[in-house]
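Before any comments, here is the structure.
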Amino acid sequence: MVRTVSAQAARRNRGRSALLALVAVSIALPIGTSSAFAQLRGHGGPVRALAISADGQSAISGSFDSTAIRWSLTRNAAEQVLRFHSDAVNAVALLGEGRAATAGADGRIAIWTFGRTEPDAVFEGHTAPIVALAVSPDGATLASASWDHTVRLWPLAGGAPRVLDGHTQNVNGVTFTADGRALVSVSYDLSVRIWPLSGAQTPTVVPMPTPLNAVATGTDGEIAVGGADGNVYFLTAAGTRAGEVTAGPRPVISIAMSPDGALVAAAGIGGTVAVIDRKARALMRTLVGPGLPVWSVAFLPDSRTLLTGGADNIIRRWNAATGEPIDPILLETAGDPLAAYAGDRGAEVFRACVACHTLGADLPNRAGPTLAGIFGRRIATAPGYNFSEALKRLDIVWTPETVSRLFEIGPQAYTPGTKMPEQRIGSEQDRAALVQFLERATKR
């Protein structure tokens with residue numbers, strides 16, 4: 001079902017987001033690999049999805065914090081936060097002409113025009129989380145993959161979707177072939193399916209030795225899929241196995257092919273990204289970040305620059321050919337927003353919040369509202385931030401006592417309907433230190 005959404009209806013649809021519980025994986029930094037530098041900060045949860053514009057000037061990201069962010073890659077800055085989904089944003093796609101699609105664990109797809117605060121339309125029909133999106137080469141059709149075991153093809157000009165049935169478990173990845181004649185889907189049911197898009201032909205089903213999490217295709221028709229066994233498997237356009245490369249010991253959860261077809265990047269749950277020479281079927285190098293899962297990966301049009309989105313909420317930029325981070329001095333130039341509070345216990349407690357919230361009156365909202373002037377302010381009234389209707393109905397005024405209570409019992413219990421990740425501070429002393437810090441740091 002496709003429906004147009006009014007601003008009021010869209011706000012009603014916003015609800016509580018569920019934070020996926022992640023297990024951080026600690027890994028040693030191998031000799032010869034490079035540590036990444038933070039590039040783009042703003043999400044309040046792991047960065048689940050990335051898409052880059054054809055000119056390489058902008059990108060869009062989706063996060064477990066239930067938002068999508070449109071970025072300027074020339075200014076290294078967020079341009080717009082898109083808020084609609086009531087759960088994790090698992091997939092994003094750029095549609096051209098200033099439009100984008102976002103899809104989430106709430107089973108819905110939102111179609112956006114950049115600059116507008118509400119989606120133009122919402123596609124509904126999936127009965128489980130949507131985890132991948134793809135746009136046809138002619139820009140006319142959007143494909144979605146869902147844990148309801150189906151793929152759907154949505155005409156962007158309007159009309160009912162075509163439902164592709166056949167997978168018996170979660171469908172985790174989907175992509176169009178470069179010529180637009182077929183669609184490729186991968187599933188946890190140990191299969192690749194190649195769906196002809198014209199006529200009534202049945203799909204080619206390719207059995208695989210492992211559950212599959214991600215898929216990408218090249219301009220020559222070759223298919224690359226990422227497996228739960230840590231391998232990247234290559235298939236011809238017809239589905240014949242054509243080689244494999246071990247990316248690492250942990251499951252591959254995101255995969256991208258460079259526009260020139262030379263490289264494949266395979267991101268893993270263990271925190272590394274394998275850069276593979278596709279022609280040689282060889283591992284060129286391994287990029288290593290902070291040791292947390294890398295949920296998303298995408299190439300820029302130059303086929304050398306790579307963006308990765310991780311469980312630490314940060315988007316990093318790499319030179320895939322050398323393994324070096326891009327603009328390493330960017331982090332040093334930006335500085336530590338809490339540097340002035342070195343040694344302050346409350347500031348250290350607040351460090352877990354700094355990715356989502358700013359403190360000063362001259363600083364903008366991020367994934368969460370600025371905290372400038374928070375004490376004495378009623379909940380959900382900070383200017384310039386689009387709060388959920390559930391929060392607006394709460395009768396809470398922020399005081400040292402209510403802020404302390406928020407972190408004593410957790411946001412989900414104290415402020416039901418919040419999009420704030422669930423977190424509690426068990427230590428009474430740490431809660432007191434945090435409140436005292438906020439009283440000093442948020443004065444206008």
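The values are calculated or read from the model by the stated rules, or taken from the named source; none is laboratory data. Given the structure is predicted, the values throughout are model-derived calculations rather than measurements. Neighbour counts run over all protein chains shown; Cβ positions are idealised from the backbone, glycine included.
Descriptive notes on the structure:
- Neighbours by Cβ (under 6 Å, 6+ apart or cross-chain): first from the stretch 110-139, at positive phi; second small (Gly, Ala, Ser) and modelled with pLDDT under 95: 139/96
- Residue check: residue 395 meets all listed conditions (1) farther than 24 Å from residue 313 by Cα; (2) modelled with pLDDT under 80 but one, namely (2).
- Strands (runs of 3 or more DSSP E) contained in the stretch 141-243 and holding at least 2 residues on the phi > 0 side of the Ramachandran plot and touching a helix residue (DSSP H, G or I) at 6+ places or on another chain (Cβ under 6 Å): none
- Any hit, the stretch 428-435, residues being within 20 Å of residue 66 (Cα to Cα) and in a helix (DSSP H, G or I): no
- Scanning the stretch 117-128 for residues that are loosely packed, with under 13 Cβ neighbours inside 10 Å and over 15 Å from residue 94 (Cα atoms) turns up just one, 127.
- Single residue of the stretch 190-235 satisfying the filter (touching a residue at least 40 places away in the same chain (Cβ under 8 Å) and of a type in the set (Asp, Glu)) that is surrounded by the fewest Cβ atoms within 10 Å (Cβ to Cβ): 220
- Residue 285 basic (Lys, Arg), in the same structural domain as residue 316 (by TED's automatic domain parsing), modelled with pLDDT under 95 and assigned to a strand (DSSP E or B): yes
- Verdict on residue 349 being among the hydrophobic types (A, V, I, L, M, F, W, C) and modelled with pLDDT of 95 or more: no
This table checks each residue for (1) under 30 Å from residue 124 (Cβ atoms); (2) of a type in the set (D, E, K, R); (3) more than 26 Å from the chain's Cα centre (by Cα); (4) assigned by TED's automatic domain parsing to the domain that holds residue 322.
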site: 178; (1), (2), (3), (4): yes, no, no, yes
site: 185; (1), (2), (3), (4): yes, no, no, yes
site: 198; (1), (2), (3), (4): yes, no, yes, yes
site: 230; (1), (2), (3), (4): no, no, no, yes
site: 236; (1), (2), (3), (4): no, no, yes, yes
site: 260; (1), (2), (3), (4): no, yes, no, yes
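- Of all residues in the stretch 155-189 being within 16 Å of residue 208 (Cβ to Cβ) and of a type in the set (A, V, I, L, M), the one that is surrounded by the most Cβ atoms within 10 Å (Cβ to Cβ): 186
- Selection of the stretch 101-122 for residues being outside any loop (DSSP other than H, G, I, E, B) and farther than 21 Å from residue 46 by Cβ yields 111, 112, 113, 121, 122.
- Exclusive hit being touching a His at 6+ places or on another chain (Cβ under 6 Å) and at pLDDT 95 or above, set 187, 254, 191: 187
- Residue within the stretch 65-80 that is in a loop (DSSP other than H, G, I, E, B), of a type in the set (Val, Ile, Thr) and either in contact with a helix residue (DSSP H, G or I) (Cβ under 6 Å, 6 or more places away or on another chain) or more than 16 Å from residue 309 (Cβ to Cβ) (or both) present: yes
- Selection of the stretch 179-202 for residues being farther than 11 Å from residue 237 by Cα and of a type in the set (Gly, Ala, Ser) yields 180, 185, 187, 191, 198, 199, 200.
Yes/no matrix, rows are residues, columns are (1) modelled with pLDDT under 95; (2) in the same structural domain as residue 302 (by TED's automatic domain parsing); (3) more than 26 Å from residue 363 (Cα to Cα):
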residue	(1), (2), (3)
65	yes, yes, no
71	yes, yes, no
81	yes, yes, no
87	yes, yes, yes
93	no, yes, yes
98	yes, yes, yes
132	no, yes, yes
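- For the condition modelled with pLDDT of 95 or more and either assigned by TED's automatic domain parsing to the domain that holds residue 45 or surrounded by 19 or more Cβ atoms within 10 Å (Cβ to Cβ) (or both), residue 144 qualifies.
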